[in-house]
Amino acid sequence: MSLVAGVALVALLGIVLYAIFGGADFGGGVWDLLATGPRSAAQRAAISEAIGPVWEANHVWLIFVLVTLWTCFPPAFADIATGLNTPLAIALLGIVLRGSAFAFRNYAADEPRIARPWTIVFGSASTIAPFFFGAAAGGIATGRYDWTSPFALCVGVFAVALCAQLAAVFLLLESEDPALRRDFHRRAIMATVGVWILGAAPVLLAGRSYPALFAAMHSTAALIAIVGTVALGIVVMACVALRSYLAARIAVGIEVAGVLAGWFGAQAPALVPGRLTLSSAASPDATLVAFLVAVACGAVILIPSLSYLFSVFKGPIRR
């Protein structure tokens, strides 16, 4: 494996981790916005309890990806940040708004009249952020930064559906109330079917508007990802039906990783199709080596720290 490919895989790992953990947080906000019925308040409370202790830590992966891009592929960072300035800025604004709204709503928990507007902001911003990240990813895939195209917008909707699926599956393991589990059980099934349907739309649109991209979707890596996503969706629904919630969580995480790996594999060795390749955008070898050494050293501290954080706030209660 070349040095450039190794760094690219590290970046892909960061994107996958952010998509899984940050995506589950975004999806929680989506379900918070859509909470209905006699248990809507209980649903929102369960979501707040699930994401409250860790949502800030999950964004460390976004920072990691940004640092990787501007350190190891600076021409690509400049090109992408310029060409996709609008959707990325809106996505980051959504992250700021959802964090602020989440905090303000919790502080106003005893005042429903004050908390209600913040609930709407939190849910709306949780939908906006993944949508525009998805649209930006679709814009990159076109090679033209055409993020307002029907294809890219469909990718944005698909990203929201994927986050909703992640959150619904994750919340099954978080909820102890049988009634709440039934609610999230139904939503996990619905979201999985939605991912299948919405995932087909970009493929069909690519065939009409972007022949090169459509051809790339028929590469071995892309076909494996597509087939694997459908198969893993079936596994997720089977695990949910059998009440194997931990297995469902693992399967849905692998599903998200497969989607992103397929995207990466379909484009490789292009970083931005038709504009930049991994090699043409890469920093000098000395910089890449220093980066990999820094990542290895940082992982020695970061991974145990995050593991301890999750074990404290997400592990079994010790009495």
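Screening R181 on (1) touching a residue at least 24 places away in the same chain (Cβ under 8 Å); (2) in contact with a Leu (Cβ under 7 Å, 6 or more places away or on another chain) shows it passes everything except condition (1). Identify, please: which residue in the range 89-114 is within 18 Å of G28 (Cα to Cα) and of a type in the set (V, I, T) and is, among those, surrounded by the fewest Cβ atoms within 10 Å (Cβ to Cβ)? Result: V96. Scanning the range 251-283 for residues that are among the small types (G, A, S) and not in a loop (DSSP other than H, G, I, E, B) yields A251, G253, A257, G258, A261, G262, G265, A266, A270, S279, S280, A281. Residues in the range 145-194 that are farther than 17 Å from G29 by Cβ and either of a type in the set (D, E, K, R) or in contact with a strand residue (DSSP E or B) (Cβ under 9 Å, 6 or more places away or on another chain) (or both): Y145, D146, E176, D177, R181, R182, R186.
Filter the range 189-247 down to the residues that are among the hydroxyl-bearing types (S, T, Y) and farther than 21 Å from G138 by Cβ and list them by number.
Answer for the range 189-247, where residues must be among the hydroxyl-bearing types (S, T, Y) and farther than 21 Å from G138 by Cβ: T192, T220, S244, Y245.
Among the residues that make up the range 41-52, is at least one of them touching an Asp or Glu at 6+ places or on another chain (Cβ under 8 Å), on the phi > 0 side of the Ramachandran plot and at pLDDT below 85? No, every residue in the range 41-52 fails to be touching an Asp or Glu at 6+ places or on another chain (Cβ under 8 Å), on the phi > 0 side of the Ramachandran plot and at pLDDT below 85. Scanning the range 4-44 for residues that are surrounded by fewer than 16 Cβ atoms within 10 Å (Cβ to Cβ) and in a helix (DSSP H, G or I) returns A5, G6, L9, S40, A41. Examine the range 115-127 for a residue that is modelled with pLDDT under 90 and surrounded by fewer than 15 Cβ atoms within 10 Å (Cβ to Cβ), and state whether such a residue exists. Yes - at least one qualifying residue is present in the range 115-127. Within the range 135-190, the set of residues being surrounded by fewer than 24 Cβ atoms within 10 Å (Cβ to Cβ) and among the aromatic types (F, W, Y) comprises just one member, Y145.
Filter the range 52-96 for residues that are part of a helix (DSSP H, G or I), in contact (Cβ under 8 Å) with a residue 40 or more places away in the chain and of a type in the set (A, V, I, L, M) and give the result.
Matches in the range 52-96: A57, V60, L62, V65, L69, A76, I80, L88, I90, A91.
Among the residues here, I197 does not qualify as within 16 Å of A24 (Cα to Cα), at pLDDT 90 or above, out of contact with any Asp or Glu (no Cβ under 7 Å at 6 or more places or on another chain) and in a helix (DSSP H, G or I).
The values are calculated or read from the model by the stated rules, or taken from the named source; none is laboratory data. As the structure is a computational prediction, the values presented were derived from the model and not from experiment. Cβ: placed from backbone, ideal geometry, glycine included. Neighbour counts: every protein chain shown.
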